[in-house]
Amino acid sequence: MSLLVPLLILLPNLLFFQLEPQNMPDKTTRNRFFTGAEFIGRMGVIIVPLFYSLHMQNGLEVLALIVMLLSLGIYYYGWGRYFRNGRPYRLLFTPLMGIPVPLALSPVLYFLSASVILHSGYLLIFSLILGAGHIPASLSDYRRNV
């Protein structure tokens, strides 16, 4: 079951690689710290869940599952908006329902919540590292492309 944790986040990304964004800006230099943290965090949140099992024994775990599902719903809605509107690059970062960079914030929140139901301190750490890289990098991309 824990295989589903990273798989559910990766599914829209598989479409992204097949259907690249429209109106993509020229290559810009990204902050190396953010890029490195994003890469390390991404690898960790994909690999770590595979070594844990899901636990749904108390209220905190149920609450974490609810937050995971809400985060996943926002993530899928953001990806749906992107694909429905012709894949403009800016929609990868544009706020959604008042949430800034929803395609960066929602997976971080998803994996933070997953660390609770997997009882994984390692996933918590990698989620924080992912957030430290992915969110500022996405905010920077948003500001450059508004």
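Once the cut-off is 18 Å, how many percent of the Cα-Cα pairs in region 1-74 end up in the long-distance tail? Intermediate results must be reported in sequence, preceding the final value.
On the way: 1625 of 2701 pairs.
Across region 1-74, Cα pairs with separations above 18 Å total 60 percent.
Give the Cα extents of region 43-88 along the principal axes, in whole Å, largest first.
That works out to 42, 26, 10 Å along the principal axes.
Quickly work out the Leu65-to-Ser53 label distance, labels modelled 7 Å from Cα along the C-beta direction, and quote it in nm with one decimal.
About 1.5 nm, to one decimal.
So what is the diffusion coefficient of the chain in µm² per second by Stokes-Einstein at 4 °C and 1.567 mPa s, using a Kirkwood Rh over Cα pairs?
83
Among Gly121, Ile66, Pro107, whose Cα projects farthest towards the positive end of the dipole of region 8-146, with charges put on the beta-carbon of Lys, Arg (+1) and Asp, Glu (-1)?
Selected residue: Pro107.
So what is the 222 nm mean residue ellipticity for the chain from helices alone, if each DSSP H run of at least 4 adds -39500 (n - 2.57) and you divide by all residues, rounding to the nearest 500 deg cm²/dmol? Let's see the in-between values first.
Values: 5 runs with 98 residues, N = 146.
That calculation yields -23000 deg cm²/dmol at 222 nm.
Just how large is the dipole of the chain about the Cα centre, in debye to the nearest 20, putting +1 at every Lys and Arg Cβ and -1 at every Asp and Glu Cβ?
Numbers: 10 positive and 5 negative charges, 92 e Å.
So the magnitude is around 440 debye.
Each value in this text was obtained by applying a stated rule to the coordinates, not by laboratory testing. Quick caveat: nothing in here was measured; it's all calculated off a predicted structure. We place every Cβ from the backbone using ideal geometry, glycine too, and count neighbours over all the protein chains shown.
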